[in-house]
Amino acid sequence: MKFCEKCGTQNDDDAVVCAVCGNSFQNGNDNVVKEESTLTKVAKAFMIVGTVLMSLYTFGIALAWCLPMTLSYCKKIKNGTPIGTGFKVCSLLFVSLIAGVLMLCETNN
């Protein structure tokens, strides 16, 4: 038996979606937590540092683009969503050069 991450309901092992809330189970391996790579952790740290420094340097104006990009990156990493090359290049140009290069270097497994 496996449990739903959202509502905690017990479901059959072969269930694709939760019987109560409709949350989808990915590949039937809901109980397996995917470990972030060191490269991803460092890129996330540089995105956060870049956002803070850019907001200080531009008196908060840069938060209009840095904060949404950083939050989007963190959410995509958490959900396992693939990150496009365009997003990586924009992060390199507009948030943090180092984080963008690290994102371009990481593989999408």
Problem set entry | segment 88-109 residues that are more than 18 Å from L71 (Cα to Cα), paired with ones that are among the β-branched types (V, I, T) and open to solvent by less than 20 Å² (accessible area, probe 1.4 Å) (beta carbon under 9 Å, 6 or more apart) | E106/T40; E106/I83; N108/I83
For this session: Please specify each residue of segment 33-47 satisfying the condition of being open to solvent by 80 Å² or more (accessible area, probe 1.4 Å), more than 13 Å from the chain's Cα centre (by Cα) and within 18 Å of E106 (Cβ to Cβ).
Result: T38
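The values are calculated or read from the model by the stated rules, or taken from the named source; none is laboratory data. The shown structure was predicted, so the numbers you read here are calculated from the model rather than taken from an experiment. For neighbour counting, all protein chains shown are included, and Cβ atoms are generated from backbone atoms with ideal geometry for every residue, glycine included. Note: accessible area is taken over every heavy atom of the protein model, side chains too, but ligands, DNA and RNA are not part of it. Shrake-Rupley method; radii C 1.70, N 1.55, O 1.52, S 1.80 Å.
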